[in-house]
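*Asks:* One structure, as structure tokens, below. Some questions next.
The values are calculated or read from the model by the stated rules, or taken from the named source; none is laboratory data. Please read all numbers here as calculations on a predicted model, not as lab measurements. Cβ placement follows ideal geometry from the backbone for every residue including glycine, while neighbour counts extend to all protein chains displayed.
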Amino acid sequence: MNVQETIQKLNELELQEFAYGHAMGILSYDDETVAPRGSVVPRGKTMGVLSELSYKLSTGDGARKILDALKEHYDELSPEDKRRTDLREKRMRELRAIPVEEYVAYSELLNEAGNVWREAKNKSDYKLFEPYLGKIIDAQKRFAGLVRPDMDPYDYCLDQYEEGLTQEKCEAFFGTLRAHIVPLLEKIRAAEPIDDSFLATPFPAEAQRELSKKLMALEGLPEDNCILGEVEHPFTTGFSKYDVRITTHYYEDAFLSSMYSVIHEGGHALYDLHSDDRFCFTSLEGGVSMGVHESQSRFYENIIGRSREFVDLVYPEIIRLCPALAAHSEEELWRAANVAKPSLIRTEADELTYPLHIMVRYEMEKAMIKGDVKTSELPQMWNALYKEYLGIDVPDDKNGILQDSHWSGGGIGYFPSYALGSAYGAQLLHKMGEEFDVKEAIRTAQIAKISGWLEDRIWKYGSLYKPSELMEKAFGGPFDPAYYTDYLERKFTEVYGL
Ligand code: ZN
């Protein structure tokens, strides 16, 4: 095969892989949103069949020949095709190391585990979920050993979500965060408390749905390519730059929960919707890593969404939809939306205590993968860490270890990317601020100006660069968590008048 033929074959292969991913993704989305509870068995079978076909497609002789030809012509390839080759080689090594029966069994296990986790969470009964979590941990350890016997197993897990992230980097990063967040929280505890009780003012779900529409329009999400579904635990699924699904949930006594979920998931969607056209249906389409993804979603949620300027911007719409809130000013709403207070639930946590929730999960995952703790002891460990890091008591497993869906989906190693993404976001804000007045752009509803900047520096590149390369290009230098700790100190000093 010459270079042209090889690339032609590669395009065909990646289109087929895209199609399997698309079909399985739709099934998962259906499962999470509207499928009846009884659909778990047939969906498991279909998922099993599709994942086996997709596994064979990606690891079979055809794929192998294409990879060999790509490597043979490597020096003649464009930077895009070099990256596709590298990604393909990494993926091939991973898949071929795991026997096909185990790969299929794992996919079926995850389908079942997701359903059991939901039931366990509803009943607040960890015992139901425990055997599944045990099997998922065992599978992750085994896969790590098979794919990268040279690597620490938890480093392998971290690398799955953020290429190049290691425990060494996490320890340094979390150490820096704790050194700034803990004293800042002490000061806040001693300061005048902010009244946020009015945030529980009943806000009908129907009115919140209308608010969601406005927020999506303000964020610049195209109606033809992005829809909003309703689920227990909000998430985003991007099938291609033409079809991204975001989700939320409505609590009538906590409207900010949905408001910030919509803005957060909208940030993920924007990233997925703006890969360069030439990457469509290839392995370069869509976001490069979870860390970079979270840097975008959390940028919209916190840096834009919880800014004074943004609250001012959406305030008229909020009081139009919920007139009882008009008794409180824009400034009161902004402060209430930024109350920093240790709490039980990560997804509802404020911007300052949020990283502490991540550190709990990081410590848990490290111990799970090292085998330092029995699965039966995990809830006690969770509760003890919440006491140590956040100073609060966990009343039950529903509000404790069962609150997140990640582990039931095999997502061990995912959480640190949330904290890393937040820190990336603060450094992006700094860089953006050297070029234009970000606050002014928000104040004047020119979110498109901010989005245009991010599209140009991040989104359009899809997965072309490694996460650290992409971010360093955007920052114009190395990653430095000081931008994040400075941002937090500046912001909370203002919110609390410290
Ligand atoms: Zn997210």
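*Asks:* Of the conditions (1) within 12 Å of the ligand (Cβ to nearest atom); (2) at pLDDT below 95; (3) in contact with a helix residue (DSSP H, G or I) (Cβ under 7 Å, 6 or more places away or on another chain); (4) not aromatic (Phe, Trp, Tyr), His233 clears all except one; give me its number.
*Replies:* That leaves (3) as the condition not met.
*Asks:* Any residue at all in region 291-301 that's of a type in the set (Lys, Arg) and surrounded by 19 or more Cβ atoms within 10 Å (Cβ to Cβ)? Steps first, answer last, please.
*Replies:* Step one: filter region 291-301 for residues of a type in the set (Lys, Arg), giving 298.
Subset that is surrounded by 19 or more Cβ atoms within 10 Å (Cβ to Cβ): 298.
Looking for residues that are of a type in the set (Lys, Arg) and surrounded by 19 or more Cβ atoms within 10 Å (Cβ to Cβ), one finds at least one in region 291-301, hence yes.
*Asks:* In a helix (DSSP H, G or I), over 21 Å from the mean Cα position of the chain (by Cα) and under 19 Å from Glu294 (Cα atoms), is that true of Gly452? Please lay out each step first, then the result.
*Replies:* Values: in a helix (DSSP H, G or I): yes; over 21 Å from the mean Cα position of the chain (by Cα): yes; under 19 Å from Glu294 (Cα atoms): yes.
The answer is yes for Gly452.
*Asks:* Would you call Glu489 in contact with a His (Cβ under 8 Å, 6 or more places away or on another chain), in contact (Cβ under 8 Å) with a residue 40 or more places away in the chain, over 24 Å from Asp350 (Cα atoms) and not hydrophobic (A, V, I, L, M, F, W, C)? Give the steps one after another, and end with the answer.
*Replies:* Details: in contact with a His (Cβ under 8 Å, 6 or more places away or on another chain): yes; in contact (Cβ under 8 Å) with a residue 40 or more places away in the chain: yes; over 24 Å from Asp350 (Cα atoms): no; not hydrophobic (A, V, I, L, M, F, W, C): yes.
In short, no.
*Asks:* Next question. Take region 236-289 and flag every residue that is surrounded by 24 or more Cβ atoms within 10 Å (Cβ to Cβ), within 28 Å of Asn338 (Cβ to Cβ) and away from the ligand (no atom under 15 Å from the Cβ).
*Replies:* Hit for region 236-289 is Phe255, nothing else.
*Asks:* Oh, and also: Among (1) under 28 Å from Pro355 (Cα atoms); (2) assigned to a helix (DSSP H, G or I), which single condition is Val288 missing?
*Replies:* (2)
*Asks:* Residues Gly433, Gly476, Gly462, Gly452: which one is surrounded by fewer than 18 Cβ atoms within 10 Å (Cβ to Cβ), on the phi > 0 side of the Ramachandran plot and in the same structural domain as Glu309 (by TED's automatic domain parsing)? It would help to see each step written out before you state the result.
*Replies:* Working: Gly433 fails: on the phi > 0 side of the Ramachandran plot; Gly462 fails: surrounded by fewer than 18 Cβ atoms within 10 Å (Cβ to Cβ); Gly452 fails: on the phi > 0 side of the Ramachandran plot.
Exactly one of Gly433, Gly476, Gly462, Gly452 is surrounded by fewer than 18 Cβ atoms within 10 Å (Cβ to Cβ), on the phi > 0 side of the Ramachandran plot and in the same structural domain as Glu309 (by TED's automatic domain parsing), namely Gly476.
*Asks:* What about Ile442, is it modelled with pLDDT of 95 or more, farther than 25 Å from His180 by Cα, away from the ligand (no atom under 16 Å from the Cβ) and crowded, with 19+ Cβ neighbours inside 10 Å?
*Replies:* On the way: modelled with pLDDT of 95 or more: yes; farther than 25 Å from His180 by Cα: yes; away from the ligand (no atom under 16 Å from the Cβ): yes; crowded, with 19+ Cβ neighbours inside 10 Å: yes.
So Ile442 fits the description; yes.
*Asks:* Moving to a separate point now. Of the residues that sit in region 367-419 and are out of contact with any His (no Cβ under 8 Å at 6 or more places or on another chain), assigned to a loop (DSSP other than H, G, I, E, B) and among the hydrophobic types (A, V, I, L, M, F, W, C), which one is nearest to Glu108 (Cα to Cα)?
*Replies:* Ranking the candidates gives Leu402 first.
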